[in-house]
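The values are calculated or read from the model by the stated rules, or taken from the named source; none is laboratory data. For clarity, every value in this text was computed on a predicted model and none was experimentally measured. FYI the Cβ positions are ideal-geometry reconstructions off the backbone, even for glycines, and counts take in every protein chain you see. Areas reflect the complete protein model, heavy atoms only, side chains present, ligands, DNA and RNA absent. Shrake-Rupley method; radii C 1.70, N 1.55, O 1.52, S 1.80 Å.
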Amino acid sequence: MYNKLEKKNFCDCMVLNLWPAVNYGAMLTCFGLQCLLEDMGLNVRIINYIFDIKQNKNYSKSFAKPFADKYLKLTKPIKTHDDFCALNDICSTFIVGSDQVWRRRIMNSHHSGTTSTTYLLDFVKSGNKKLSYAGSFGSGLTDVTDEEKELFKYFLSQFDDISVREEDAANIIDSFGLDNTLLIDGAFLIPHKVLDEMTKDYQSDEKYVAFFTLPYFKKSGIQKEIAQKIADEKGLPLKEMIFDSKISMEQWLSYLKNAQFVVSDSYHATVMSIIFNVPFVQVVNAKLTQSRFETLFNLLGLENNSIDIENSEEIDFSKLFAPIDWDKVNKKIEKEVGRSRDWLEKAFKKDVKPVNKTIDAINKIIAEREILKDKYAKDVKLCANSGYISRKYYKYKLLSKLTFGKKRKYYKSRRDAFKKHVRFIRANLWK
């Protein structure tokens, strides 16, 4: 936990989003917001929260860690709700966003030792400023209970200023009776000179149609059929990049930047194609999350650059390959980035909502309820898997005696972890 006397850790603002999710877009939106805030002269820190051990392992072995180590200004690791609360001692302004920070499935899965409302800034004390930058609900509130909707409304009403990324999110905030502003995705905030520096070592004269599909949308195969049709029509080879967490951010960006045309169902592959001024088509893969594409395309006048997989038999190539007026698009992006900067500057200058000890007390009660609920769920899971846990314990106990060096150290740590689980199960089941 932070020591409130460590003044060297004081900063102007802290950002909470999904940067460690081993996702190129999540990392870029975070970096972009950091870039803009620093350009505004602010001392900014990214909250270093990785939601569980498995995710930490995935993150550590992926492109995300070297990128974060090089580019992100991270706090010390945050592991518990108390750690989050302690951040109030060294910072008075907190920003959540950009990206799908309010998607309920993500909020429910991205917490361990904290609360499922962490991304609603439930840990920020009244009297400190709460902002959202281009927040998103993802697929909306279709999978949210009435009780959860009330939680959203309750915590969002405590924000000093709210901005969202797409029309659907604006409609949800409107339904709560709260003011909000539509702002562009955080990836657009990265300066071009920074992107040029990041991709300079991967320049290529190779001509190709790039095809990038997210792993969880790849099952149908229709996207690749469409990509191949486009490549054939262009008379260029199709160069597919399958998502691989070992491929660096710089390589991924260069793959898009060097292409003559990009076909993708990824929102941020589409965003980066636009930033690099590479002609593209977005393949619709999930109607429930289409609002973010529609909002962006309407904003930039790129409504023709989308294909619905359910109506992909006849592709109008003359419409699809129509020249894009990139000067016009770039001016609109510049205007939107300027709006984002103006919004943030005004939000920082505004007086913060007054201290409300009643709200702090209610927030604490909600947090304790959430933490206990999470704890009980884990306890039940452990007990239900008692046989599996005990087998794992004896396996690692044996391996810790049969191995040497780093392997022995690893197996000992695993043995000790499972030993704690076994003790808990024995205390509760095997009396």
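With a simple spin-label model that places each label point 7 Å from the Cα along the Cα-to-Cβ direction, the separation between His192 and Glu240 comes to 3.4 nm. Bridging of Lys397 to lysines at a Cα separation below 17 Å is possible for Lys406, Lys407, Lys409, Lys412, Lys419, Lys420, once same-chain residues fewer than 8 apart are set aside. Annotation: the range 1-125 has a Kirkwood hydrodynamic radius of 14.6 angstrom, from the mean reciprocal C-alpha pair distance.
Using equal-weight Cα scatterers in the Debye expression, the normalised intensity of the range 362-431 in log10 at q = 0.19 Å⁻¹ is -0.77. Within the listed set Lys125, Lys406, Lys246, the residue fluctuating most in the Gaussian network model of the chain (springs between alpha-carbon atoms under 10 angstrom) is Lys406. Excluding same-chain neighbours fewer than eight residues apart, the lysines reachable from Lys353 by a Cα-Cα span under 21 Å are Lys125, Lys129, Lys130, Lys153, Lys364. For the chain, take the longest principal axis of its alpha carbons; what is the angle in degrees between that and the long axis of helix 326-349, to the nearest 10 within 0 to 90? It is inclined by approximately 30 degrees. Return one number: the angle in degrees, 0 to 90 and rounded to the nearest 10, between the long axis of the Cα atoms of helix 291-300 and the longest principal axis of the Cα atoms of the chain. Taking Cα atoms only, the helix is inclined about 40 degrees. Note on the chain: with a GNM built from Cα contacts shorter than 10 Å, the maximum mean-square fluctuation among Asn356, Asn171, Asn88 falls on Asn356.
To the nearest 10, the accessible area of Cys11 is 20 Å² with a 1.4 Å probe.
Here Lys200 is the anchor, and the aspartates and glutamates within straight C-alpha reach of less than 12 Å, apart from those fewer than 8 places off in the same chain, are Glu250. Short-range pairs are left out: with C-alpha atoms under 8 Å and at least six residues apart, the relative contact order of the chain is 14 percent.
Taking the C-alpha atoms only, the angle from helix 357-384 to the longest principal axis of the chain is near 80 degrees. Across the chain, the convex hull enclosing all Cα atoms gives 185 Å³ per residue. With one equal scatterer per alpha carbon and no solvent term, the Debye-computed log10 I(q)/I(0) for the range 188-268 at 0.10 1/Å reads -0.26. Taken over the range 279-431, the percentage of Cα pairs per 5 Å bin, counting from 0 up to the bin with the maximum distance, is 1, 7, 9, 8, 7, 6, 7, 6, 8, 10, 13, 11, 5, 1, 0. Take Asn9, project a point 7 Å from its Cα along the Cβ direction, then tell me which residues of the range 49-63 have their backbone nitrogen under 15 Å from it. Flagged as within label range: 49. Using C-alpha pairs under 8 Å with a sequence gap of at least 6, the mean separation divided by the residue count of the range 273-431 gives a relative contact order of 15 percent. The distance between label points at Asp232 and Glu294 comes to 3.2 nm (points 7 Å beyond Cα on the Cα→Cβ vector).
Its residue count N sets the reference 2.2 N^0.38 Å, and the alpha-carbon radius of gyration of the range 52-151 equals 1.15 times that reference.
Which order, highest average first, do 261-271, 290-300 follow once you tally other Cβ atoms within 10 Å for each residue and take the mean per peptide?
Values: 261-271: 24.8, 290-300: 18.5.
Highest to lowest by the protection proxy: 261-271, 290-300.
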